[in-house]
1. Among the polar types (S, T, N, Q), in a loop (DSSP other than H, G, I, E, B), in the same structural domain as A:Lys20 (by TED's automatic domain parsing) and touching a residue at least 12 places away in the same chain (Cβ under 8 Å): does that describe A:Thr473?
2. So which residues in the range A:212-226 are out of contact with any helix residue (DSSP H, G or I) (no Cβ under 6 Å at 6 or more places or on another chain) and buried (at least 23 other Cβ atoms within 10 Å of the Cβ)?
3. Going by the conditions given, is B:Leu72 touching a residue at least 60 places away in the same chain (Cβ under 8 Å), surrounded by 15 or more Cβ atoms within 10 Å (Cβ to Cβ), out of contact with any His (no Cβ under 7 Å at 6 or more places or on another chain) and not in a helix (DSSP H, G or I)?
4. I'd like the residue in the range A:666-676 that is in contact with a helix residue (DSSP H, G or I) (Cβ under 7 Å, 6 or more places away or on another chain) and farther than 19 Å from B:Asn296 by Cβ and, out of all such residues, is nearest to the other protein chains (Cβ to nearest Cβ).
5. Please specify each residue of the range A:455-487 satisfying the condition of being closer than 20 Å to A:Ala538 by Cβ and buried (at least 22 other Cβ atoms within 10 Å of the Cβ).
6. Output the residue which, of all residues in the range B:227-251 that are within 7 Å of another protein chain (Cβ to nearest Cβ) and not basic (Lys, Arg), is surrounded by the fewest Cβ atoms within 10 Å (Cβ to Cβ).
7. Show the residue pairs that are 6+ apart or on different chains and have beta-carbon atoms under 7 Å apart, the first residue being within the range B:128-157 and within 19 Å of B:Thr205 (Cα to Cα) and within 14 Å of chain A (Cβ to nearest Cβ), the second being aliphatic (A, V, I, L, M) and buried (at least 24 other Cβ atoms within 10 Å of the Cβ).
8. Please go through (1) under 20 Å from A:Pro151 (Cβ atoms); (2) assigned to a loop (DSSP other than H, G, I, E, B); (3) in contact with an Asp or Glu (Cβ under 9 Å, 6 or more places away or on another chain) for A:Arg344 and return the number of the only condition it doesn't satisfy.
Amino acid sequence: MKFDTPAGTNPIDQLKVVGKPTDRIDGPLKTTGTAPYAYERHDVASGQAYGYVIGAGIAKGRIRAIDLAEAKAAPGVLAIVTADNAGKLGKGRMNTAKLLGGPDIDHYHQAIAVVVAETFEQARAAAALVRVDYARAKGRFDLDAALKAAPLKGDSSGEGSSAPPIDRVGDFDAAFAAAPVKLDARYTTPDQSHMMMEPHASIAAWNGDELTLWTSNQMIAWGRGDVARTLGIPKEKVRLISPYIGGGFGGKLFVRADAIMAALGAKAAGRPVKVALTRPLMANNTTHRPATTQRIRLGCSRDGRITAIAHESGSGDLPGGGPETAVSQTKLLYAGANRLTAMRLAVLDLPEGNAMRAPGEAPGMMALEIAMDEMAEKLGIDPVEFRILNDTQVDPAKPERRFSQRQLVECLRLGATRFGWDARNPKPAQVRDGRWLVGMGVAAGFRNNLLMKSAARVGIDAKGMVTVATDMTDIGTGTYTIIAQTAAETMGVPLDRVIVLLGDSSFPESAGSGGQWGANNSTAGVYAACMKLRDSVAQRLGFNSADVTFAGGKVMSGNRSVPLAEAAGPAGLSAEDAIEYGDLDKRYQQSTFAGHFVEVGVDAWTGEVRVRRMLAVCAAGRILNPKAARSQVIGAMTMGVGAALMEELAVDKRFGFFVNHDLASYEVPVHADIPHQDVIFLDEVDPISSPMKAKGVGELGLCGVGGAIANSIYNATGVRVRDYPITLDKHLQFLPSVA
Amino acid sequence: MRPFTYERATKPADAAAAAVRNPGAKFIAGGTNLLDLMKLEIEVPRHLIDVNGLGLDTIQPTAEGGLRIGALVTNTDLAADQRVRRDYGVLSRAIVAGASGQLRNKATTAGNLLQRTRCPYFYDTNQACNKRRPGSGCAAIGGYSRQLAVIGSSSACIATYPGDMAVAMRALDAAVETVAPNGAVRTIPIADFHRLPGDTPHIETALAPGELIIAVTLPRPLGGTHVYRKVRDRASYAFALVSVAAVIQRDGSGRVAVGGIAHKPWRVEAAERRLAEGSKVVAATLLAGAKPTQDNAFKVPLVERTLAAALHDARNMA
């Protein structure tokens, strides 16, 4: 189905099933612990052995020698694979560094071997007996130092955030120089780790030259291609199966060492092999969100209109990697005739930087939304009003290009009312509640909507059951449920008459899960397949498909009514189609918007920051399942608390690695950190996004949260911190004396 | 994890004797720290002596009017004990400020005293660490040291003792009762139990080889107001950046011990004598000679402010 004109009224608009806060259809499996995750697929292949991955002990250099003798002789050991005996390996399109290092080492904890044994404990014990002699080389580990000579570099995150190396609209320099009110400030965001609950894990089984991987991967088609490329085999010989994923956040967009080492280990051992990356490997072996140093300049007229806006960002990555596209949103979020964005990329020998939930916007908004707060204060304008004043309904660089829907103003206004914003004291450090300095902050939320081709196959069997199959993944987001809702709505059957099969590369290729594009595109693909199936049903019944109704498990036309099961016939009926997009995303800017409101308490003595309440008001097209969407936004807000207050991969600039590589030292929010959270969705439909008229929310819920928290801390303390995470050491010495 | 042999001990002295009979032996009770460290091969015992069957799991009054806490009393049971909550509130509060409910259910009194540092370089076996491999050096010095010691450290080690319970016990002047392999029982004041790192950071306590903790005794109740103030980046389940255990009397006198800043719970009696002069003076005395790193210099003012908070709380609670 080609989607190249805005959607008219269609079967989804019935909203009998879609748009309802339906419980997850996979919920019972999850809550009873019976949803089988990759590492638990004991049933799929007999004789599974265990692989344990060894990560490099240096960041840069080479392996002079590896002594495997003791490890090979250890109890239970079946095989050890290193670069010496792995055969020639390629590199995935999505990978920057090789997934099996040696003799050259590209980064700390790069995999250098997998030890395969009868049991996990034997593999781990034997791995400790592998002796590696390294020749350490000098590496580049200091972002600030490396940025001094870093070139400009444009990029797309591949997740909807992109910017050229340098982008100018109007004359920023002149307008900024002439602006009566100016802000010029620097902000930093740290390296962050996805630290999803389920580690990267795979079981590999070879059948002749055919490889099956039960794995945990957000993007099945990308993964299949990169496994094939890395192993040097045709992709038709690779099957990926990933029906349940215990969190990804972008860390599982790509094939990682678990999959490749399982495949190599299984080949070497002649048996199926399962590999999970240990928690300490997740920080340095897999990808992370790169640190940024950002400079933002705002020039305003005295009445609060932005006349000049510049956002520059520097980040680092391994050779061949890309920048964090932190300036992308600044091209679109606020009005202003004179604009500049630029990105610099330094070469670093730290582990590979890549996408993490809302790459680009998440760290970019953390900086931009503090800058907006600072400018509002300089102007003496309420920060909600300042944002509203600088709203734009068009792409500022191409005014003929409108936003498909843009209700940022409505989000901010409704949020201010619901949150009780008028009670905020604009003068910082005035509100006290016992030991707590109390403050309120606001930020806009912004994240683009991406259109990606997505296919599905839908069938009806002789019992009238509708089965959807697509390689789409459910990374904990509720995909199973919204796909079932879409099929039920379109085929006119109750939800419990729909079976959804996901995450298998033998199914039609979907958009996959990333960049908050999954919900809209994958359901639109299912809708397309359902509409094709409806045509087949009508045709078989001799109905005119233009005036056929699918409802209550029946197909109706005029005064004829046929049960769907009967229409399908004993052999059933099936159709496959994809949603394919025209240029609606070129003609219109498609984005999602939010207003984030936060109240914090800062301990007047110790400077500890604790969030008291949070509200997100979101405008993101049709909300396919308000319950699942709310969970997405709440999860994102929680991640925003982590980013604002505690998450930081600490870099050892001497040895080149992230030091705090476990969950005891890389702190993410715990329940006690998360107070009252509320989410409101504006009643919006976006007929330009897809036949579903939906967009994404999974990343919108994160973008802006950090800024709102930072601004609320400033309102509480009067101390402006521009370096995340805002830990107590950064403002303690500036807090009022309490002795 | 290296292969190890295992036995269950039934008498304290037998356990201690078994420990010297088997080179490389370790006692195991709750295992909440030891098992993690064994998986990472930071601890590589060749023999484990399970002491859970020793029956040391009761809290009894002492003739002196205090309490004798069996070595195997769990953190959960100790924190919930009515006598502890009434007379030694700082101890109860310190315990529940630590770890998680699940861990406290398994962690024992003796094991908690013996938990090892959370220095990230100690935890990464690729890095030099004088605790893990004596003589290999200290990668933490000059590295990421935000959590690490500001006082009492050495050129061999800047690790901290990570626990909460022992900080309160230090304020209470608890004593550690042990049995030696030859059956001799002795009592070690808590002040002398944990050591500063010096040149031998791998030797963390005053325990001799094989010596087994059998109890911790608390002296007669001190009265006063009991406060435990733990400062951390998140609200729960995090090690202290700084913690203060305080027992403050009506006349303003009292005791304070500080956690999160040294290789042992940090208490300076001379500082306590100046409580009337306020937290600034007390903190300055407590931290005389402190040598923070750039990463953890904030702990010096943080100690003062946390102390002020604890004293404020004590006044409000009294």
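The values are calculated or read from the model by the stated rules, or taken from the named source; none is laboratory data. Source: prediction; values computed, not measured. Here the Cβ is made from the backbone with ideal geometry for all residues, glycine too, and neighbour counts use every protein chain on show.
1. Spelling it out, A:Thr473 is indeed among the polar types (S, T, N, Q), in a loop (DSSP other than H, G, I, E, B), in the same structural domain as A:Lys20 (by TED's automatic domain parsing) and touching a residue at least 12 places away in the same chain (Cβ under 8 Å).
2. A:Gln218, A:Met219, A:Ile220, A:Gly223, A:Asp226
3. For B:Leu72, the condition - touching a residue at least 60 places away in the same chain (Cβ under 8 Å), surrounded by 15 or more Cβ atoms within 10 Å (Cβ to Cβ), out of contact with any His (no Cβ under 7 Å at 6 or more places or on another chain) and not in a helix (DSSP H, G or I) - is not met.
4. Out of the qualifying residues, it is A:Asp673.
5. A:Ala456, A:Val458, A:Ile460, A:Val466, A:Val468, A:Thr486, A:Ala487, listed by residue number.
6. Within the range B:227-251, the match that is surrounded by the fewest Cβ atoms within 10 Å (Cβ to Cβ) is B:Ser236.
7. B:Leu148/B:Ala140; B:Leu148/B:Ile158; B:Leu148/B:Ala159
8. (2)
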